[in-house]
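Asker: The structure that follows is given in the form of structure tokens.
The values are calculated or read from the model by the stated rules, or taken from the named source; none is laboratory data. None of the values given here were measured: they were computed from a predicted structure. Methodologically, a virtual Cβ is constructed for each residue, glycine included, from the backbone with ideal geometry; neighbour enumeration extends over all protein chains shown. To get the accessible areas, we keep the full protein, side chains included, count just its heavy atoms, and leave off ligands, DNA and RNA. Shrake-Rupley method; radii C 1.70, N 1.55, O 1.52, S 1.80 Å.
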Amino acid sequence: MSSVRERLLDTAADLFYKEGMRAVGVDLVIERTGVAKTSLYRHFPSKDDLIAAVLERDDRTYWAHWDRVAQAQGQDAKAELATHIEWIAQYIDRREFRGCAFLNAATEFPSANHPARLIAIRHKAELRRRVGQLTRRLGAPGFDILADQLVLLIDGAYVNGQLTGKKGVAGALPEAAAVLVDAAASRSRRQR
């Protein structure tokens, strides 16, 4: 059986994702978890602490998955990038998809100092760093520009995917990313 803390995180994560972090009160988290209010505040002194803990856990989960994909692809940067893009597209294609939790958090908490926004900024900086490492390994000239383009494409898919699902970006994301990568490779060949 999971700990009270994990049950609170699971419930809060589900509610925050489905209904929005600002829209969900701690009383609803407590009710759905079936714990006493003192239990919640013992683990999370404030709602902001609970939100931050949910996002931190989401961040760890995201990067653990990324690392498993990277490890499975070995040294083939193009295959690794394509596989990352594919699992992101599959994530967007889920019926319950409601956007990127980190972009949602940044939107809900515009204050530059809010813990949720800071975690979202850190997560997106890490996405850019990792995509940049892959584009560098591809040997693409202007790898920084390609990395920016791919991150823009990914984040655009996260935002638009909740509106269009299968009919839109989920299906187009892998192909669009491949076009960008191939165009960069073509530029590289011409410059030789």
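Asker: Using modelled backbone amide H atoms (1.01 Å from N, in-plane), which distant-in-sequence or interchain residues come within less than 5 Å of Gly99's amide H?
Answerer: Long-range HN contacts for Gly99: Gln162.
Asker: Where Lys and Arg each count +1 and Asp and Glu each count -1, what net charge lies around Ser111 among other residues with Cβ under 13 Å from its Cβ? List each step's numbers first, then the result.
Answerer: Values: positive: Arg22, Arg117; negative: Asp48, Glu108.
Around Ser111, the surrounding residues sum to 0.
Asker: Given the chain, what whole percent of its Cα pairs are spread farther than 25 Å? Display every interim value, and only then the final one.
Answerer: On the way: 7838 of 18336 pairs.
Result: 43 percent of Cα pairs exceed 25 Å.
Asker: Percentage of Cα-Cα pair distances in region 84-162 greater than 15 Å, rounded to whole percent? Before the final figure, lay out the partial values.
Answerer: Numbers: 1867 of 3081 pairs.
More than 15 Å apart: 61 percent of the Cα pairs in region 84-162.
Asker: Sorting Glu126, Glu96, Glu80 by accessible area (1.4 Å probe), largest first, what list results?
Answerer: Correct descending sequence by accessible area is Glu96, Glu126, Glu80.
Asker: Which whole-Hz ³J(HN,Hα) couplings does region 16-26 yield from phi under the Karplus relation 6.51 cos²θ - 1.76 cosθ + 1.60, θ = phi - 60°, glycine and proline marked x?
Answerer: So the J values, rounded to whole Hz, are 4, 5, 6, 10, x, 5, 6, 6, 9, x, 5.
Asker: Size of the dipole of region 3-152 about the Cα centre, Lys and Arg at +1 and Asp and Glu at -1 on the beta carbon, nothing else charged, in debye to 20? Could you put the intermediate results ahead of the total?
Answerer: Numbers: 23 positive and 21 negative charges, 34 e Å.
That gives a dipole near 160 debye.
Asker: Treat each spin label as a single point 7 Å out from the Cα along the C-beta direction, and report the Asp48 to Ile145 distance in nm.
Answerer: 4.1
Asker: Something else: With an 8 Å cut-off on Cα pairs and a minimum separation of 6 or more residues, tell me the relative contact order of region 92-192 in percent.
Answerer: Values: 92 pairs, mean separation 32.0, N = 101.
With pairs under 8 Å counted, the relative contact order is 32 percent.
Asker: Same structure again: Given 0.36 nm per residue, what is the gain on full extension from Trp87 to Asn113 after removing their alpha carbon distance, in nm? Walk me through the numbers on the way to the answer.
Answerer: Values: separation 26, 0.36 × 26 = 9.36 nm, distance 3.14 nm.
Working it through step by step, the gained length comes to 6.2 nm.
Asker: Gap in Å between the Cα centre of region 119-192 and the Cα centre of region 44-90?
Answerer: 16
Asker: Sorting Val29, Val159, Val4 by accessible area (1.4 Å probe), largest first, what list results? Could you put the intermediate results ahead of the total?
Answerer: On the way: Val29 0, Val159 80, Val4 50 Å².
So the residues, ranked largest to smallest area, are Val159, Val4, Val29.
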